[in-house]
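Single-structure report; data block below.
The values are calculated or read from the model by the stated rules, or taken from the named source; none is laboratory data. This is a predicted model, so every value here is computed, not measured. FYI the Cβ positions are ideal-geometry reconstructions off the backbone, even for glycines, and counts take in every protein chain you see. We work out accessible area using only protein heavy atoms, side chains counted, and drop any ligands, DNA or RNA first. Shrake-Rupley method; radii C 1.70, N 1.55, O 1.52, S 1.80 Å.
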Amino acid sequence: MSVPKIRIRGLHKAFGPKKVLTGLDLDVGARESVVIIGGSGTGKSVLLKCILGLLEPDAGSIQIDGEEVVGMSVGERERVNRKVGMLFQGAALFDSLTVWENTAFGLIQARGLAHQEAKTIALSKLSQVGLGPEVGELSPAELSGGMRKRVGLARAIATEPEIVFFDEPTTGLDPIMGDVINDLIVKCIRELGASGLSITHDMASARKIADRIAMLYEGKIIWAGPVPEIDRSNNPYIDQFIHGRAEGPIKMQVRA
Amino acid sequence: MPIITPIGRVVLSFLAAAGRLTLFALNGLQHCFRPPFFPRLIGHQMMEIGYYSLPVVGLTAIFTGMVLALQSYTGFSRFNAESAIATVVVLSVTRELGPVLAGLMVAGRIGAAMAAEIGTMRVTEQIDALTTLSTNPFKYLIAPRLIAGVLMLPCLVVVADIIGVFGGYLISVYKLGFNPSTYIKNTWDFLTVMDVVSGLVKAAVFGFLVALMGCYHGYHSQGGAQGVGQATTNAVVSASILILAFNYMITSMFFGS
Ligand SMILES: Nc1ncnc2c1ncn2[C@@H]1O[C@H](COP(=O)(O)OP(=O)(O)O)[C@@H](O)[C@H]1O
Ligand SMILES: [Mg+2]
């Protein structure tokens, strides 16, 4: 088998006494779209941040294109990050810049493109996600939630990354806008020929985006398999999650 | 010894905080000297710190010069030493009050704004987004602010010095009835280059401290809007205290012994 795009082994991360990831293993192949599902607060965002180098894992190994990225220097990390794009949960647009400057940010800062050239590309990426050139001149504060997500998506794919990460792309959107975003994600990943790693707790979104689904529970991947198999997994945790039942082996920690 | 444990804990956490701050400062400084630079961002910060602070710093300076003249007149007229007023005004303003008051005003205006802006960027993951776009936040956010702080505060202090001395002149000439040319002569006679230079050195240090505290507290803020508010308060308070402490140290370096 060829070298996976992302290869994670034995990943541990704790915040003080709170253990979030406890020996997580995961592979994402080339051109494969993997979706991680799991309840709120199970550490999905923490996992992405560890892969992106925004958090330092306590133990374990993360390889991107066969290259170990845990403990990498800041400069090396910048080089690896040129291969990735990320859509943040809250879009995380820079509010001091206009929409097109946000979209062109990676092109100008990381690729060193001239402003005019970067703007042309940025506007074409914005039109790919269904936003006209007039939106490019707006500031992020003037956008609705769905538009912000689209701009975030355009920014994530503007540099044509090899790996794209999506943190809860549909959370907080109405079902129709959620589906529009799902379609865009599928389209973008396919057009780029990129690998995708998404996290979500929205099963409709997961079924649509994923080639393979993995479930995160108590710091580990407890089940992973192709999308069609998820309905006949016979795994009580998976069944409870995909049917959204309060009763089952997964005990939500409800604290007053 | 039950009392030793809490004391030790306080000392340790203080040392840890000082270490974190020092590392942060060194990291920021290092990026001030290594390309790529962001001239547009530096220019933007220089406008914010220098130009837009002029009114508040100017007003502070003129009233301070005026009150200095008035108060030293009350004191010195008892000893028939009114001619010393000009000297007292110019030395106090250039050596101490100009840089300290400008520093404190800028800490309130700029330090708070920096902490709020960077803090908001932290809690809305914009700083994380910078990193994933292969842009070092220290280079893009921190270094331009440090550079602008160090460059602009001395400029503000030059203006504050002139306006402060002018305030003293106004009161002395128009209210206390001094001869204008004698006042100006007394001002120049005792002023040395060192007085002004020490004030400008202080200003550069204070500018660095204000920007550093704004960036540091903003960068490490956590927990939403409340965390950002906390960071803003901490930035202003810590910058103010550091300004007063460093003012004493620099004064004793220049004029002690
Ligand atoms: N920087 C941090 N410091 C302390 N605890 C954190 C931090 N980031 C996340 N956590 C904790 O880790 C757990 C998982 O968080 P997260 O990955 O954001 O959940 P989700 O799966 O909903 O994305 C949460 O309980 C959260 O409190
Ligand atoms: Mg999350």
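Check whether at least one residue in region A:225-247 is open to solvent by 40 Å² or more (accessible area, probe 1.4 Å), in a loop (DSSP other than H, G, I, E, B), within 16 Å of ligand 1 (Cβ to nearest atom) and charged (D, E, K, R), and report yes or no.
no
Read through the list (1) within 16 Å of ligand 1 (Cβ to nearest atom); (2) open to solvent by less than 30 Å² (accessible area, probe 1.4 Å), then give the number of the only condition that A:SER40 fails.
For A:SER40, the failing item is (2).
What residue, among those in region A:191-212 that are closer than 17 Å to A:PRO161 by Cα and not in a helix (DSSP H, G or I), is farthest from the chain's Cα centre (by Cα)?
Across region A:191-212, the extreme among qualifying residues is A:GLY193.
Quick check: is even one residue across region A:13-34 away from chain B (no Cβ under 12 Å), of a type in the set (Ser, Thr, Tyr), within 12 Å of ligand 1 (Cβ to nearest atom) and crowded, with 19+ Cβ neighbours inside 10 Å?
Scanning region A:13-34 turns up no residue that is away from chain B (no Cβ under 12 Å), of a type in the set (Ser, Thr, Tyr), within 12 Å of ligand 1 (Cβ to nearest atom) and crowded, with 19+ Cβ neighbours inside 10 Å.
What is the one condition in (1) open to solvent by 60 Å² or more (accessible area, probe 1.4 Å); (2) at pLDDT below 95 that B:ILE241 does not satisfy?
Unmet for B:ILE241, out of (1) open to solvent by 60 Å² or more (accessible area, probe 1.4 Å); (2) at pLDDT below 95: (2).
Could you tell me which residue of region A:127-152 is surrounded by the fewest Cβ atoms within 10 Å (Cβ to Cβ), considering only residues that are within 13 Å of chain B (Cβ to nearest Cβ) and under 21 Å from A:LEU48 (Cβ atoms)?
Once the filter is applied, the top-ranked residue is A:ARG148.
Being open to solvent by 40 Å² or more (accessible area, probe 1.4 Å) and more than 21 Å from A:ALA14 (Cα to Cα) is the filter here, so list the residues in region A:52-65 that pass it.
Result: A:ASP65, single match.
Could you tell me whether region A:37-60 includes any residue that is away from ligand 2 (no atom under 16 Å from the Cβ) and within 15 Å of the chain's Cα centre (by Cα)?
Yes, some residue in region A:37-60 is away from ligand 2 (no atom under 16 Å from the Cβ) and within 15 Å of the chain's Cα centre (by Cα).
For region A:35-74, enumerate the residues that are within 9 Å of chain B (Cβ to nearest Cβ) and free of Cβ contacts under 8 Å to residues at least 24 places away in the same chain.
Listed by number, the residues that qualify are A:LYS49, A:LEU54, A:VAL74.
Would you point out the residue of region A:186-220, among those that are hydrophobic (A, V, I, L, M, F, W, C), touching an Asp or Glu at 6+ places or on another chain (Cβ under 7 Å) and more than 13 Å from ligand 1 (Cβ to nearest atom), that is most open to solvent (accessible area, probe 1.4 Å)?
A:LEU192
Which of the residues belonging to region A:78-90 are open to solvent by 20 Å² or more (accessible area, probe 1.4 Å) and within 9 Å of chain B (Cβ to nearest Cβ)?
A:GLU78, A:ARG79, A:ARG82, A:GLN89, A:GLY90
Looking at this structure, is A:LEU47 within 16 Å of ligand 1 (Cβ to nearest atom) and aliphatic (A, V, I, L, M)?
Yes; evaluated as a whole, the condition is true for this residue.
Might you check whether a residue that is assigned to a helix (DSSP H, G or I) and either out of contact with any Ser or Thr (no Cβ under 7 Å at 6 or more places or on another chain) or within 16 Å of ligand 2 (Cβ to nearest atom) (or both) occurs anywhere in region A:159-175?
Looking through region A:159-175, at least one residue is assigned to a helix (DSSP H, G or I) and either out of contact with any Ser or Thr (no Cβ under 7 Å at 6 or more places or on another chain) or within 16 Å of ligand 2 (Cβ to nearest atom) (or both).
Restricting to region B:147-191, name every residue that is among the small types (Gly, Ala, Ser), over 28 Å from B:ILE49 (Cβ atoms) and not in a loop (DSSP other than H, G, I, E, B).
The answer is B:SER172, B:SER181.
Which count do you get for residues in region A:162-183 that are within 16 Å of ligand 1 (Cβ to nearest atom) and open to solvent by less than 40 Å² (accessible area, probe 1.4 Å)?
6
Name the pairs: first residue in region B:123-145 and over 15 Å from B:GLY28 (Cβ atoms) and within 10 Å of chain A (Cβ to nearest Cβ), second residue charged (D, E, K, R) and not in a helix (DSSP H, G or I), Cβ to Cβ under 7 Å, at least 6 apart or on different chains?
B:SER134/A:ARG82
Out of everything in region A:91-124 that is open to solvent by 50 Å² or more (accessible area, probe 1.4 Å) and within 14 Å of chain B (Cβ to nearest Cβ), what residue ends up being nearest to ligand 2 (Cβ to nearest atom)?
Among those residues, the one meeting the criterion is A:ASP95.
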